[in-house]
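The values are calculated or read from the model by the stated rules, or taken from the named source; none is laboratory data. No experiment lies behind these values; they were computed from the predicted model shown. Cβ coordinates were reconstructed from backbone atoms using ideal geometry, including for glycine residues, and neighbour counts include every protein chain displayed.
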Amino acid sequence: MNENAENIIEVKDLVKKFGNFVANDHLTFEVKKGEIFGFLGANGAGKTTAIKILSGLSYPTSGDVNIAGYDVYKEREKVKKNIGYMSQRFSLYEDLTVRENIRFYGGIYGLSNKYIKEKTESLLDRLKMREIQNLLISSLPLGWKQKIAFSVAIFHDPKIVFLDEPTGGVDPITRRDFWEMIYEASHEGITVFVTTHYMDEAEYCDRVSIMDRGKIEGLDTPGALKDQFKAQNMDEVFLKIAR
Amino acid sequence: MKKLIKVKKIKYILQKEFTQIFRNRTMLPMIFGVPIIQLVILVHAATLEMKSIDMYIIDKDLSTMSHKLISKFAGSPFYNINGASFSLNEALETIEKNKTDVIIQIPYGFERDLIRENETNVQLLIDGINGTAASLINAYSSSVISDFNRNIIVDLTQMPSLKNLEPINVETMYWYNQELNYKIYMLPGILVILVTLISMFLTAMNIVREKEIGTIEQLNVTPIKKFEFIVGKLVPFMIIALFELAFGLAIGKIFFHIPIVGSLWLLFGFTIVYLLVVLGIGLFISTISSTQQQVMFIAFFFMLVFILMSGIFTATESMPLWAQKVNIINPFYYFMRVIRMILLKGSGFWDISYEFFSLLIYGTIMLSLAVWRYRKVS
C-alpha cells in the first residue's frame, strides 16, 4: 500500500447521539485510497452506526464526513454513486434469481443493458456460479448468498465499498474465500471499509481501528498495534482495549 | 458507461416488481380468486331484498275470506308460510327462535265485519330486530293486504300503520334501474371495494416488506431518486387494479347482466385518478409503518370506516351532516357515486367533473405526502 496515497474517507469529530446515548463519540480518522480498512469493536461499540453515517443512510449529529471528495451531508447523491454497501442484514431479494438480482441492482445504478450483460457473464464465471444463475436466492446456502451480495455491492465499480460484518455466521472456509474476494476488489483499486468482530480477520487488513463504547481506542497497522499493546495477536490487543 | 435516464431505472424496478408479484404463490389466486368470490357471494348475500319472508298464521276466523287472504300470501314468491295455530304465544315463540319474521293475526269475525260493515282489521307482528327488514316486511305485507281488499285496516304493532289509505292509485316508475334490481346497484359498489382493497393493501404491504427484510436499506444506498422509486412501486399496482376492474366488470356483465350505459374509457380514466389517491394512501401508510402488522391495522381501520360511510348500502344523502362532511376525505364515496353514475345512468365527463377534480387534488396531496414522508436517510 502506498503511504502517500490520498485520503478517500475523511472523518472529523463525528458524533452521533440517540437521545442521551452517545453511539459515536468524536470519531476522527482517514482511510487511504486502495486500503483495506478494518473497523473493529465489540457488539454495540458503535460500528454499524458509524458505517451507516459514512454510507449516507443516517444523519450524523455533528462532525464532518467526506467520502470520495464529497460531503456526505450536502452531496449525498454524488457520494452514493461512488460507494457500494453490504449490510449485516441480508440484502438480496430472496424471491429473485441470482441473475435477476444482479440485473436489478445494476439497472438502478444506471448501468447500460449491454454492460450489465457482459459483466454478469464474467462475474458468473469468476464466482463459478453459472449453473446456479437461475436459482432463487432463497435456495442458496448463506456463504454463497454473501459472496453474491458482495459482488452486487461492487458491481457498479464504486470507489469505496462498505462491508458491515460480511462474514457473520459463515464457516471458516467460506470466510477465507470471502477475503480472497476482498483482496481481489482491493487490487482493482476499490477501497474496502470492513467491520468485523473476528480478530483473525483483523490481521488481513492494512490498518485497523478498534472501537470501544463509541470511541476509537487504537488505530494503526495490525503489527504496530500488537507492538503498542505488547500483545501476541489481535485477540490480545482487543481484550486489552475492551477492558 | 453510466447513463442517467430516469425511465430506464424505473423500467428495472417495474421488471423486478412484476417478477416478484407473479412469482408469489398467493398473488395470482388473490388477483383472480378474490373478485370472483367477492362478486358472486356478496352480490347475492348483501341484498336488502326480501325474498323469503317467513310468515306464521293465526287465523281465528277460518272463513272463506280469511283463506283467500292467506292464499294470497302463500302464493307470493316472497312469502313462506312456516306455521299456523290459534295460539299467539306459540307464534311468538317462533319469533323468539328466529324462525318467523312476521305473524299475521286474523281476528274472529273478519269476514262478517268486512261484509256487514265494509271494514275489518288484521294484525301484523313483525320481528323488529332488523329495522330495515322490518319496514320492508311491513310495506310488502300491507300492500298484499290492501291489494286483497282496500277496506281492511292493517293494525300494526311496532311499525306505523298505513291508515287513511288514499284511494288514489299511484303508479311508480323507477329510472335507470327499472326493476329495482338490487344486484345491479350492489355490484358496482362491490367492485369499488375490490379494486381499492387489492391496490391499497398490496402497495402498503410491498414497501413495508422491503423494510422488514432489509432490502430497503440496500436501495437507499443507491443513487435512485425517491420519485423513481415511488413510480416504480405504484405503476405495477395501478395496472393490477385496472385489470381487476376490467375482470370484475366482465364477471358482472356475464353473470349478472349489469348494464354498462356510460363510456368505459371515462370509467377507466376516472379509476386512474381514483387509484392515485388509493395508492397514495397505501404508500403513506407504508412510510409510517415498520411492520406488516402495523400496516394491516392502520389500513383495516380506515377501510372499515370508509366503506361503511361510502354509501354502498345506505344513501350518503340521508347521513347526518357531519358524516357527509367527513365523506369529503373518503375516496370510496366519490368512486361509489361515479361508478354507479357512469354504469347505470351513462353520465358523461361534465356530470362527474366535481368528483374527478376533487380526487385529482386529493391524489396529488396524498402522493406528495407519501414522497415527502419516504426517507432515504434516517
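Might you check whether a residue that is part of a helix (DSSP H, G or I), farther than 18 Å from A:LYS81 by Cα and either away from chain B (no Cβ under 11 Å) or touching a Ser or Thr at 6+ places or on another chain (Cβ under 7 Å) (or both) occurs anywhere in the range A:99-114?
Pass one, the range A:99-114, residues part of a helix (DSSP H, G or I): A:99-108, A:113-114.
Cutting the leftovers down to farther than 18 Å from A:LYS81 by Cα gives us A:99-101, A:114.
Still in the running and either away from chain B (no Cβ under 11 Å) or touching a Ser or Thr at 6+ places or on another chain (Cβ under 7 Å) (or both): A:99-100.
Yes, the conditions are met somewhere in the range A:99-114.
Please tell me if A:GLY63 is more than 18 Å from A:ASN82 (Cβ to Cβ), buried (at least 17 other Cβ atoms within 10 Å of the Cβ) and touching a strand residue (DSSP E or B) at 6+ places or on another chain (Cβ under 9 Å). Break it down stepwise before answering.
Numbers: more than 18 Å from A:ASN82 (Cβ to Cβ): yes; buried (at least 17 other Cβ atoms within 10 Å of the Cβ): yes; touching a strand residue (DSSP E or B) at 6+ places or on another chain (Cβ under 9 Å): yes.
Yes: the conditions hold for A:GLY63.
Of everything in the range A:77-98 that's assigned to a helix (DSSP H, G or I) and more than 7 Å from every other protein chain (Cβ to nearest Cβ), which residue is nearest to the chain's Cα centre (by Cα)? Before the answer, list the steps.
Step one: list which residues in the range A:77-98 are assigned to a helix (DSSP H, G or I), which gives A:77-81, A:98.
In the following step, the residues that additionally are more than 7 Å from every other protein chain (Cβ to nearest Cβ) were identified as A:78-79, A:98.
Working: A:LYS78: 18, A:VAL79: 15, A:VAL98: 21 Å.
Only one residue fits best here, namely A:VAL79.
One line per residue, one yes/no per condition, for (1) exposed (fewer than 15 other Cβ atoms within 10 Å of the Cβ); (2) in contact with a Cys (Cβ under 6 Å, 6 or more places away or on another chain); (3) farther than 17 Å from B:SER199 by Cα; (4) modelled with pLDDT under 85:
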residue: B:GLY282; (1), (2), (3), (4): no, no, no, no
residue: B:ILE285; (1), (2), (3), (4): no, no, no, no
residue: B:MET309; (1), (2), (3), (4): no, no, yes, no
residue: B:LYS325; (1), (2), (3), (4): yes, no, yes, no
residue: B:PHE332; (1), (2), (3), (4): no, no, no, no
residue: B:SER347; (1), (2), (3), (4): no, no, yes, no
residue: B:PHE357; (1), (2), (3), (4): yes, no, yes, no
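Just to confirm my filter: which helices (runs of 4 or more DSSP H) fall fully inside the range A:149-236 and include at least 1 residues that are surrounded by fewer than 22 Cβ atoms within 10 Å (Cβ to Cβ) and of a type in the set (S, T, N, Q)? Explain how you work it out, then say what you get.
Details: elements: A:172-187, A:199-202, A:222-228.
So the answer is A:172-187, A:222-228.
Name the single residue, out of those in the range B:54-71 being in a helix (DSSP H, G or I) and surrounded by 15 or more Cβ atoms within 10 Å (Cβ to Cβ), that is farthest from the chain's Cα centre (by Cα). First the steps, then the outcome.
Quick first cut of the range B:54-71, residues in a helix (DSSP H, G or I) only: B:64-71.
If we keep only those that are surrounded by 15 or more Cβ atoms within 10 Å (Cβ to Cβ) as well, we get B:65-67, B:69-70.
Numbers: B:MET65: 43, B:SER66: 41, B:HIS67: 41, B:LEU69: 37, B:ILE70: 36 Å.
Among residues in the range B:54-71 that are in a helix (DSSP H, G or I) and surrounded by 15 or more Cβ atoms within 10 Å (Cβ to Cβ), the one farthest from the chain's Cα centre (by Cα) is B:MET65.
Here's a check for you: in the range B:345-378, which residue that is among the basic types (Lys, Arg) and closer than 30 Å to A:LEU57 by Cα is nearest to the other protein chains (Cβ to nearest Cβ)?
From the range B:345-378, those among the basic types (Lys, Arg) are B:345, B:373, B:375-376; that's our starting set.
If we keep only those that are closer than 30 Å to A:LEU57 by Cα as well, we get B:373, B:375-376.
Values: B:ARG373: 16, B:ARG375: 10, B:LYS376: 8 Å.
Here the answer is B:LYS376.
Read through the list (1) over 21 Å from A:PHE150 (Cβ atoms); (2) surrounded by fewer than 17 Cβ atoms within 10 Å (Cβ to Cβ), then give the number of the only condition that A:GLU118 fails.
Looking at each condition in turn, A:GLU118 falls short on (1).
Given (1) free of Cβ contacts under 8 Å to residues at least 40 places away in the same chain; (2) in contact with a Gly (Cβ under 7 Å, 6 or more places away or on another chain), identify the lone condition not met by B:PHE301.
(2) is the only condition that B:PHE301 fails.
Return the residue satisfying two criteria in turn: it lies in the range B:74-97 and is small (Gly, Ala, Ser) and not in a strand (DSSP E or B), and of such residues it is nearest to B:VAL144 (Cα to Cα).
So the first thing to find is which residues in the range B:74-97 are small (Gly, Ala, Ser), and the list is B:74-76, B:83-85, B:87, B:91.
Then drop every residue that is not not in a strand (DSSP E or B), which leaves B:74-76, B:85, B:87, B:91.
On the way: B:ALA74: 11, B:GLY75: 11, B:SER76: 9, B:SER85: 21, B:SER87: 24, B:ALA91: 21 Å.
Filtering first and then ranking leaves B:SER76.
When the residues of the range A:55-76 are filtered to those that are more than 7 Å from chain B (Cβ to nearest Cβ) and on the phi > 0 side of the Ramachandran plot, which remaining residue is nearest to the chain's Cα centre (by Cα)?
A:ALA68
For the range A:23-48, name all the residues that are over 24 Å from A:ASP235 (Cβ atoms) and either assigned to a strand (DSSP E or B) or within 14 Å of another protein chain (Cβ to nearest Cβ) (or both).
Within the range A:23-48, A:ALA23, A:ASN24, A:ASP25, A:HIS26, A:THR28, A:GLU30, A:LYS32 qualify.
Scan A:GLY143, A:GLY110 and give me the residue that is crowded, with 16+ Cβ neighbours inside 10 Å and on the phi > 0 side of the Ramachandran plot. Even if it seems obvious, please write down each step before you answer.
On the way: A:GLY143 fails: on the phi > 0 side of the Ramachandran plot.
From the options A:GLY143, A:GLY110, the qualifying one is A:GLY110.
Might you check whether a residue that is in contact (Cβ under 8 Å) with a residue 40 or more places away in the chain and either under 27 Å from B:VAL231 (Cβ atoms) or in contact with a strand residue (DSSP E or B) (Cβ under 6 Å, 6 or more places away or on another chain) (or both) occurs anywhere in the range B:315-330?
Here is the first cut: in the range B:315-330, the ones in contact (Cβ under 8 Å) with a residue 40 or more places away in the chain are none.
No; the residues of the range B:315-330 include none that is in contact (Cβ under 8 Å) with a residue 40 or more places away in the chain and either under 27 Å from B:VAL231 (Cβ atoms) or in contact with a strand residue (DSSP E or B) (Cβ under 6 Å, 6 or more places away or on another chain) (or both).
I'd like the full set of residues that are charged (D, E, K, R) and at the interface with chain A (Cβ under 7 Å from one of its Cβ atoms), limited to the range B:11-27. Before you say what the answer is, go through the steps one by one.
Filtering the range B:11-27 for residues charged (D, E, K, R) gives B:11, B:16-17, B:23, B:25.
Scanning the range B:11-27 gives B:LYS16, B:ARG23.
Tell me which residues, restricted to the range B:33-44, are at pLDDT below 80 and not aliphatic (A, V, I, L, M). Talk me through it step by step, then tell me what you get.
First pass over the range B:33-44, keeping only residues at pLDDT below 80: B:42-44.
Listed by number, the list holds a single entry, B:HIS44.
Are any residues in the range A:58-96 under 18 Å from A:ILE108 (Cβ atoms) and either touching a Cys at 6+ places or on another chain (Cβ under 6 Å) or among the basic types (Lys, Arg) (or both), and if so, which ones?
A:ARG76, A:LYS78, A:LYS80, A:LYS81
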